[in-house]
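These notes are about the structure you will find just below.
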Amino acid sequence: MEYNLSTQNKPAYRARGLDNLLRMGHCAPAVMQTVLDINHTQREDLVRLMAGMPGGIGNTGFECGGITSPLVILGLRHGLRGMTDGLPQIFDLGHEYYQRFSDENAASFCKAIQNPRFPVRCIHAVRHSAELLAETIAGDHRSVIPAEGRKAYSCLYGHLAGHHFHCAHAVFQHLGNTIPVNQELLDATSAFMGGTLFKGLTCGAYTAGVMAIGLKIGEIENSYLRVMRMLALMVSGGNAFPDGVNKFNRALNTGRRLSKWFRAEFGSTQCQAITQCDFSCMAGVGKYIDSDGVTNCRRIARMVAEQVLKILELEEN
């Protein structure tokens, strides 16, 4: 599916991003809604997909929603197609967008950007995400991945593809009777493998679990008044995240509960900490292959899916 943006409309994109943030209250859904608005598209399912992602994927403080929503858009455009030197195009575009975002915001993690009592940097991140995505799509697509890293990523991707394994997709496939799993959903989540684009960041299985929760129970906030009340609570040091304060909060808090279980089981939500492998070098990839890392990752994906089902059952009751 094509989602097109023009680099000529930056002021309009910033205004739309700010408006969406002020009536939705959270980064990832606001960025997704902005791209949908630009393309005159109504897709509540894509906004709900991002419902649990604010605060750095389930409020864990890692990849900002200004990164994850554009990666979903790039996934919808390219999936795992368009191979170049052993890597699907989503990796080159994803790394390029990640670098643009990090340069613009001097950080990529929510916990480095967010200051609840002074949310200017969060506002900046949301306002500028659509234009950074437009610049990425319109760019010359010269790879920002270093040669050694590209060689390692290509080797790892070939290994995972040969074993028919994708971190996020494995979770969704276990949840096929609970949420609708189709090629579009798989395309949308293409970037979330090996800890987001093989960077060793948030585990793709955990990310998929948070997204599944959003799809299943996510609600969409659309009230300037309620968002202003939430922001007032944040600035004053109050609790802005109970379920009733913002409609997205329920999915966000449920994703946060998943993260607590995940850390208790695996020690961290971060792929490199779990695997003890650096995927940006051949030594790290070789270590993962030699230790049969795929088998352990399959186990993690299955366990995440099982825990998501338990959480959703409790939510329904």
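The values are calculated or read from the model by the stated rules, or taken from the named source; none is laboratory data. None of the values given here were measured: they were computed from a predicted structure. Here the Cβ positions follow ideal geometry from the backbone for every residue, glycine too, while neighbour counts run over all protein chains shown. To get the accessible areas, we keep the full protein, side chains included, count just its heavy atoms, and leave off ligands, DNA and RNA. Shrake-Rupley method; radii C 1.70, N 1.55, O 1.52, S 1.80 Å.
Miscellaneous remarks
- Carbon plus sulfur fraction of accessible area for segment 189-315, probe 1.4 Å, in percent: 54
- Cut-off of 10 Å, at most 11 other beta carbons, DSSP loop: longest stretch of the chain lacking such trypsin sites (Lys or Arg not before Pro): 143-317
- One decimal place: the segment SER143-THR295 gains 51.7 nm when fully extended, by the rule 0.36 nm per residue minus the C-alpha distance.
- Placing dummy labels 7 Å off each Cα toward the beta-carbon, the span from ALA15 to ARG257 is 4.2 nm.
- Options [x] 31; [y] 58; [z] 44 - which one matches percent of Cα pairs over 29 Å apart as calculated here: [x]
- Extended-chain gain in nm, criterion 0.36 nm per residue less alpha-carbon gap, GLU184 and ALA232: 13.5 nm
- Charged side chains reduced to their Cβ positions (Lys and Arg at +1, Asp and Glu at -1) give the chain a dipole of some 720 debye around its Cα centre.
- Helices in the chain that qualify as membrane-span-like (whole DSSP H runs, Cα extent of at least 27 Å along the helix axis, mean Kyte-Doolittle hydropathy of 0.0 or higher) are 120-138, 293-316.
- Separation of alpha-carbon centers, segment 15-43 and segment 64-91, rounded to whole Å: 20
- Segment 174-213 shape via C-alpha gyration tensor axes, a/c threshold 1.5: oblate
- Sequence ranges 235-241, 103-109, ranked by mean other-Cβ count within 10 angstrom, highest first: 103-109, 235-241
- With R₀ set to 25 Å, the beta-carbon distance separating LYS310 from GLN173 gives a calculated FRET efficiency near 0.90.
- Full extension of the segment from ASN317 to ALA112, taken as 0.36 nm per residue of separation minus the current Cα-Cα distance, would add 70.2 nm.
- Accessible area of the chain divided out per residue, in Å², using a probe of 1.4 angstrom: 40
- Extending 7 Å from the Cα toward the beta-carbon at both ALA283 and HIS163 defines two label points whose distance is 2.2 nm.
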